[in-house]
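To start, the structure itself, in structure tokens.
The values are calculated or read from the model by the stated rules, or taken from the named source; none is laboratory data. As the structure is a prediction and not an experimental result, all values here were calculated from the model. Note that we place each Cβ from the backbone using ideal geometry, even for glycine, and neighbour counts take in every protein chain shown. Heavy atoms of the whole protein, side chains included, go into the accessibility calculation; ligands, DNA and RNA do not. Shrake-Rupley method; radii C 1.70, N 1.55, O 1.52, S 1.80 Å.
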Amino acid sequence: MEGYNVEAGSFRDRDGRIYRADKRIIRGVSASALQEFENLRSKKFYAKFRDAGQLVDSRVLSSGEVPFPPEVKQQWAGFIEHEAIPMVSYPYEWTFGMLRDAALLQLDLVEAALLEGMTLKDATPYNIQFVSGCPVFIDIPSFETWPEGSPWAGYRQFTEMFLFPLMLQAYKGIDFQPFLRASIDGIGIQTAARLFGFRDRFRPGVMLHAWLQARLDNRYGSTQKNVRSDLKSAGFNRELILANVRKIRKLVTKLGWQGHGSEWGEYETFHNYSESDHLLKESFISECVVASQAELVWDIGCNTGQFAKIAAGTAQNVVAMDLDHFAVERLYREIRAEKLKGILTLVQNVADPSPNWGWRNQERTDLVKRARPDLVMCLALIHHVVISASVPLAEFIAWLAGLTDQLIIEYVSRSDDKVEALLRNKQDTYTDYSRENLETTLAKHFSIERQLSLESGNRFLYWCKA
């Protein structure tokens, strides 16, 4: 019998629970959820979205195929196996474009389901994952038969977790990620109404979805009346819901963000590598990634994603992350446009990474628990970590050693103009930042398999193995 783990973040659905058995994803479901899935599979839209890669492929397991002990089997009416997602990500790690594309998929599924007598009972971005730059809906039990006359149950959740974060970024240039990381339920209606000022009310969507919804919430939020029952009694025509969904989709499609103030968004136009050094670095990275035989690579501080793309030519999956939101956004757009496979883009600050949080600090997990990398690339990053973030060099290398058995790291010397710029208005107390100390510290955790000095004499590359 295979070992298995219960997915800690799946407790909110009382009609199912997710289990991990080796690399398999299996969901135990109640009788009603199993019946709804059978109904879902009979719909034309299910096959359409599944075949397009926008809906996770799923199948009902026979009793003999379920790899769990009797005490687990008896809890559920049946078990559904889903195609595994290579790397789980969360909306507070996404770019603007990722959240917008996820929102559009959510709306498209709501519309398609309603047209065939079904609906989605919730509207959380945690039900969506990204594979090779494409959003994929994974929470199959969210589909249910639409109770005729009922309103769209997920509307409020959609505004709080999709629409308000997108409008905040598009209209005010404020990054939404800290808000979604601060509250697992998104930006509340009352909070959104306060964030958008009087002038903002004249922007598309703000008056209706933020301000008016907040007023209604104030009026009916604490009422003892059964508002949902009253709305159902009033009769919500399906066409009325569809019209609302389509209007919101039109609004989301028009929301845009150009990332003013990005440090790395135009990196290729002002980096200080010579053409020959650039080629040398590319060759070194390519050869080391191939030699590493890594299946999962992390590129920490990926900026334009040039080297993440090189790694993706060999590795099965690459996680490209950077704290510069717009740099990651540009990379995501390129992956979408060029249909590049195997790269997941994340907005991530190495000095303040995604934590374990939510219920019992297990509902959402850190990156390492989700997928430990076989190889980590830290290219032209260490000076930012040690000098800008004030993380001691030894601490940073020890952290990397705890992540992976293989590391490609680039040292940028003190004479490099990028380091000089970082130190220009600082008191230089960073005595640990030197090439000699880096090599000594690396030797405590790894063996240096290969190294390269670029022609500039200011940059040095190392491939290390534990």
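Numbers at a glance
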quantity	calculated
Rounded to the nearest 10 Å², the accessible area of S276 at probe 1.4 Å	50
Accessible area in square angstrom per residue, the chain, 1.4 angstrom probe	46
Prolate/oblate/rounded label for region 260-397 (Cα gyration tensor, a/c 1.5)	rounded
Rounded if a/c under 1.5, otherwise prolate or oblate - region 139-194, Cα gyration tensor axes	prolate
For the chain: relative contact order, % (alpha-carbon pairs under 8 angstrom, 6 or more apart)	12
Residue order for L331, L251 - accessible surface, 1.4 angstrom probe, largest first	L251, L331
Relative contact order (%) - region 63-209, alpha-carbon pairs under 8 angstrom, separation at least six	21
Accessible area of S62 in the full protein assembly, 1.4 Å probe (Å², nearest 10)	60
Theoretical FRET efficiency, 1/(1+(r/R0)^6), r = Cβ-Cβ of V368 and N237, R0 41 Å, to 0.05	0.25
Label-point separation in nm, S434 to K172, each point 7 Å along Cα→Cβ	4.8
Heavy-atom accessible surface of the chain: percent carbon and sulfur, 1.4 Å	49
Cα convex hull volume per residue for region 1-108 (Å³)	126
Region 38-71 and region 147-176: distance between their alpha carbon centers, rounded to Å	28
Hits among lysines - C-alpha to C-alpha of K247 under 30 Å, sequence gap 8 or more where chains match	K43, K44, K48, K121, K172, K225, K232, K339
Tensor-based shape of region 16-57 (alpha-carbon gyration tensor, a/c under 1.5 rounded, otherwise prolate or oblate)	oblate
Protein-only accessible surface order, largest first, of T95, T440 at 1.4 Å	T440, T95
List T119, T429, ordered by accessible area with a 1.4 Å probe, largest first	T429, T119
Whole-Å distance, taken between Cα centres, linking region 395-466 and region 275-346	20
Mean Kyte hydropathy of 1.0 or more with a Cα span along the axis of at least 27 Å, helices from DSSP in the chain	96-115
Residue-level accessible surface for M167, protein heavy atoms, 1.4 Å, Å²	0
